[in-house]
Amino acid sequence: MNIILIGPPGAGKGTQARHLVETRGMIQLSTGDMLREAKASGTEMGKRVAEVMARGDLVTDEIVIGLIRERIEGKPGGGFIFDGFPRTLAQADALGELLAATGQRLDAAVELEVDDDELVARITARSTCGNCGEVYNDITRPQPEDGKCSTCGASDFQRRADDNEDSLRNRLMEYYKKTSPLIGYYHAKGLLRKVDGLGEISAVQAAIADVLDKA
Ligand code: AMP
């Protein structure tokens, strides 16, 4: 089964994708994580995208489609969760073609519905473990008092460079202008499934599980 998680920044795509990896053995493909890795390891491409990402603009379709192609090609078994990809109609078309070329298809596009005020509150409070990627939130899930990640024990909590208010405003605008049209696109294909992303993490997990079990 292959699914997309669609939703604005802070909707909980990464958190939900990680849960699906743990519970269903699926493979999370996050273009945001891939781009941050390229930036951290100082590759030519990483240097080119750093400023674009810091501003909250979208990286070119060509770059992100290339990243996804590398991960999909030669893996006909699938089981992918696309997290933060596609973000434009061109990327959505490319994804359909890439999956078809490996004899696969998309089973569902799950939209996480949240409101903007909640997003700002979530994003400005969020941090992640630099070692394993576990997500924390100052209000709902604070970092453990002993300073060690509850999943892997590392003490390397990080806040994303683009989790500030200016960049966030721009990321939200990019989402509404370029990514939200995908909701109509997948609706027309009969693949759209809406989930309330505002509840407790466990309630959202259950709602997604329900959608996947019916897909
Ligand atoms: P994310 O971790 O998904 O919030 O992505 C962080 C940043 O990486 C975004 O604000 C964009 O600058 C870039 N990015 C990630 N995925 C894509 C994509 N599919 N298309 C274009 N830019 C992307």
*Output the residues belonging to the range 157-171 that are buried (at least 16 other Cβ atoms within 10 Å of the Cβ) and either on the phi > 0 side of the Ramachandran plot or more than 10 Å from the ligand (Cβ to nearest atom) (or both).*
Phe157
*asked:* Quick check on Ala154: is it in a loop (DSSP other than H, G, I, E, B), out of contact with any Ser or Thr (no Cβ under 8 Å at 6 or more places or on another chain), among the aliphatic types (A, V, I, L, M) and open to solvent by less than 50 Å² (accessible area, probe 1.4 Å)?
replied: yes
*Could you list, in sequence order, the residues of the range 180-199 that are of a type in the set (A, V, I, L, M) and either at pLDDT below 95 or not in a helix (DSSP H, G or I) (or both)?*
Leu191, Leu192, Val195, Leu198
*Leu112 under 17 Å from Gly197 (Cα atoms) and open to solvent by less than 20 Å² (accessible area, probe 1.4 Å)*: yes
*Report, ordered by the first and then the second residue, all pairs with beta carbons closer than 8 Å, sequence separation of six or more or different chains, a first member in the range 128-148 that is more than 10 Å from Gln158 (Cβ to Cβ), and a second member that is of a type in the set (A, V, I, L, M) and part of a loop (DSSP other than H, G, I, E, B).*
Cys132/Ala154; Asn137/Ala125; Asp138/Ala125; Ile139/Ala125; Thr140/Ala125; Lys148/Ala154
*Based on what the data block shows, is Gly56 in contact with a Pro (Cβ under 9 Å, 6 or more places away or on another chain) and of a type in the set (Gly, Ala, Ser)?*
yes
*asked:* For the range 23-35, check the following and say yes or no: at least one residue is surrounded by 16 or more Cβ atoms within 10 Å (Cβ to Cβ) and among the hydroxyl-bearing types (Ser, Thr, Tyr).
replied: yes
_Those residues of the range 49-74 which are crowded, with 16+ Cβ neighbours inside 10 Å and among the β-branched types (Val, Ile, Thr), in sequence order_ = Val49, Val59, Ile63, Val64, Ile65, Ile68, Ile72
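For (1) under 17 Å from the mean Cα position of the chain (by Cα); (2) closer than 14 Å to Thr15 by Cα, each residue gets a yes or a no:
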position	(1), (2)
Ala108	yes, no
Glu134	yes, yes
Ile139	no, no
Thr151	no, yes
Arg160	yes, no
Ile201	yes, yes
Ile208	yes, yes
Asp213	no, no
*When both residues are 6+ apart or on different chains and their Cβ atoms are under 9 Å apart, which pairs have a first residue that lies in the range 50-66 and is without any contact (Cβ under 8 Å) to a residue 12 or more places away in the chain and under 17 Å from Asp162 (Cβ atoms), and a second that is open to solvent by 20 Å² or more (accessible area, probe 1.4 Å) and small (Gly, Ala, Ser)?*
Ala50/Ala161
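The values are calculated or read from the model by the stated rules, or taken from the named source; none is laboratory data. Just so it is clear, the structure is predicted and the values come from calculations on it, not from any experiment. All Cβ positions, glycine included, derive from the backbone under ideal geometry; neighbour counts span all protein chains shown. Ligands, DNA and RNA are excluded from the accessible area calculation, which covers all protein heavy atoms including side chains. Shrake-Rupley method; radii C 1.70, N 1.55, O 1.52, S 1.80 Å.
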